[in-house]
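To keep things clear, I will list the structure first and then write my remarks on it.
The values are calculated or read from the model by the stated rules, or taken from the named source; none is laboratory data. It should be emphasised that the depicted structure is a prediction, and the values quoted were computed from it without experimental measurement. Glycine also receives a Cβ, built like all others from the backbone with ideal geometry; neighbour counts cover every protein chain displayed.
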Amino acid sequence: MLSDPCNLSTSTLIIIAVVTIILNGIITLSGSSIEAVSRSSITRMLEDDETDVRAGRILKFIETPYIYRYTNKLWSYIFMSIGLVAVLFTGKHSPVFLIAYFFVMISLGEMFPRRLAKQNCDEFARGLCGLQKIFNTVTFPLIWVLLKFANIMLRVFKQKTDIDEKEYSEEEIMSILELGQLSGSLREEGKKMIGSIFRFDDELAYEIMTPRTDVFMIDITDPPEEYVNQLMKLRYTRMPVCRNGSDDIIGILHIKDYLIKAREAGFDKVDIESILREPYFVPETKKIDTLFFELQKERQHIAILIDEYGGFSGIVTMEDIIEEIVGEIDDEYDEEEVSIEKSGENCYLIDGNADLDDIDEELGISISSDTSETIGGYIIDILGEIPKDGYINKVIEVDNMIFTVLSVKERRIERVRLEIIPNSDASEDDAFTGENDTEEHE
């Protein structure tokens, strides 16, 4: 128990403590309002009225957030220290007053103003920005000294001394998105789209390409009657043109250019080589975020992917890249593709070019492969040889999964049946990988 050296009455000391709670609430309300206010809304205010002094002040606070944050923390410590001293000098009742002071300070001096600031942050920020400037000005010399001392200590421990706004890691942002989805404030589609943006700079072009075997191309040496009807039927707007084989891509044909020439000379008499656009070649290992901006800059729509040996491996379009963020984009000419179709209890029909990650996500399994992107390639890796027509109905067992090859076309597995056998003895952590022992049955 402490005695009051100034001989202030208990009621006076209590009033001092209450005042510190009010002042702490005001400084907390000011900081929380500035924290919650949107930069875009303040920018719009300044666009509407360039002489808006309050909006200008708030924008400065936002641009240098560490100043008002440290200022408010310092004033909060000052107010709380004064209040604690006043409560401790109240005499024999000081333990009761101390508990009450902490309760009221935390609830009304901290929690209440923070929650209140979120209700109408713009109005409170504008109303308190003048007071916040006064607090900043008064304590700035002390804040400057404290920051210098903190930086010295950081250098001693060989840490960075940059004073920037907090940078959130990808994991932290994904956790926030997860909480947003659970609370109902963010739809699952929005969460997936934002997650796709994070993966955007990690994916390589060959992971989303249309492989050369699936690309419709025109060979400039072929007679027109061999491709004109197919060209009109497929309704592509752009397509690669090669000479004597797919590895020699000489240009990109725009169907619009072709139709203009065909109207003048006739479909069979169009000199395709004269209307070709320059092809845009990129390595298949280029990251798709870089490729996206390059295509924008070069005003290109298709990138021709080249492998490490200089051969043509596939194409990536601007639409392919955008679909990595927003999902599949279908127009009136696109046929609905179902790569995974349930055909019975724990039994599925899967296209040979279905992506392994998509299968894992949809079926809740884990097929691991370091060398294959598709289920067809995964099975070929297990077999260790190129599939032939005789491979139809060939059965491959991997752990509790049974793969049956249903169709083969041009040395590719076109259709597969997958049966998943429930394994009650396996733990949830067991992974289904193709590196385990396999059995082959004709």
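Numbers for the structure displayed
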read-out: So Gly245, is it small (Gly, Ala, Ser), in the same structural domain as Glu278 (by TED's automatic domain parsing) and closer than 17 Å to Val282 by Cβ; value: no
read-out: Total residues in the stretch 177-189, condition more than 18 Å from Val326 (Cβ to Cβ) and surrounded by fewer than 12 Cβ atoms within 10 Å (Cβ to Cβ); value: 5
read-out: Helices (runs of 4 or more DSSP H) wholly inside the stretch 33-97 containing at least 3 residues that are touching an Asp or Glu at 6+ places or on another chain (Cβ under 7 Å); value: 39-48
read-out: Hits in the stretch 399-410 - residues which are touching a helix residue (DSSP H, G or I) at 6+ places or on another chain (Cβ under 7 Å) and β-branched (Val, Ile, Thr); value: Val405, Val408
read-out: Single unsatisfied condition, Asn393 versus (1) surrounded by fewer than 17 Cβ atoms within 10 Å (Cβ to Cβ); (2) under 28 Å from Thr210 (Cβ atoms); (3) at pLDDT 80 or above; value: (2)
read-out: Extreme residue, farthest from the chain's Cα centre (by Cα), among residues of the stretch 334-369 that are at pLDDT 80 or above and assigned to a loop (DSSP other than H, G, I, E, B); value: Glu345
read-out: Pick from the stretch 411-439, criterion touching a helix residue (DSSP H, G or I) at 6+ places or on another chain (Cβ under 7 Å) and farther than 18 Å from Tyr348 by Cβ, ranking: modelled with the lowest pLDDT; value: Thr438
read-out: Lone qualifier among Glu410, Glu362 - being closer than 24 Å to Glu207 by Cα, surrounded by fewer than 16 Cβ atoms within 10 Å (Cβ to Cβ) and free of Cβ contacts under 8 Å to residues at least 24 places away in the same chain; value: Glu362
read-out: Residue selected from the stretch 299-333 under the condition within 21 Å of Lys192 (Cβ to Cβ) and out of contact with any helix residue (DSSP H, G or I) (no Cβ under 7 Å at 6 or more places or on another chain), by the criterion modelled with the lowest pLDDT; value: Asp330
read-out: Evaluation of Arg212 against (1) at pLDDT below 75; (2) assigned by TED's automatic domain parsing to the domain that holds Arg299 (one fails), failing number; value: (1)
read-out: Complete set of residues in the stretch 34-57 that are among the small types (Gly, Ala, Ser) and in contact with a Lys or Arg (Cβ under 7 Å, 6 or more places away or on another chain); value: Ala36
read-out: Hey, Thr20 of a type in the set (Val, Ile, Thr), surrounded by fewer than 16 Cβ atoms within 10 Å (Cβ to Cβ) and in a helix (DSSP H, G or I) or not; value: no
read-out: Hits in the stretch 127-141 (condition: touching a Leu at 6+ places or on another chain (Cβ under 7 Å) and either surrounded by fewer than 19 Cβ atoms within 10 Å (Cβ to Cβ) or over 12 Å from Ile27 (Cα atoms) (or both)); value: Thr139
read-out: Tally of residues being free of Cβ contacts under 8 Å to residues at least 40 places away in the same chain, under 21 Å from Glu319 (Cα atoms) and outside any helix (DSSP H, G or I) across the stretch 238-275; value: 5
read-out: Search result, residues across the stretch 194-207 that are of a type in the set (Val, Ile, Thr) and either in contact with a strand residue (DSSP E or B) (Cβ under 6 Å, 6 or more places away or on another chain) or not in a helix (DSSP H, G or I) (or both); value: none
read-out: Those residues of the stretch 244-288 which are surrounded by 15 or more Cβ atoms within 10 Å (Cβ to Cβ) and of a type in the set (Lys, Arg), in sequence order; value: Lys261, Arg277, Lys286
read-out: Some residue of the stretch 215-233 being exposed (fewer than 14 other Cβ atoms within 10 Å of the Cβ), hydrophobic (A, V, I, L, M, F, W, C), within 21 Å of Ser313 (Cβ to Cβ) and at pLDDT below 90; value: yes
read-out: Residue that is farthest from the chain's Cα centre (by Cα) [pool: residues in the stretch 184-240 that are of a type in the set (S, T, N, Q) and closer than 22 Å to Ile304 by Cβ]; value: Thr221
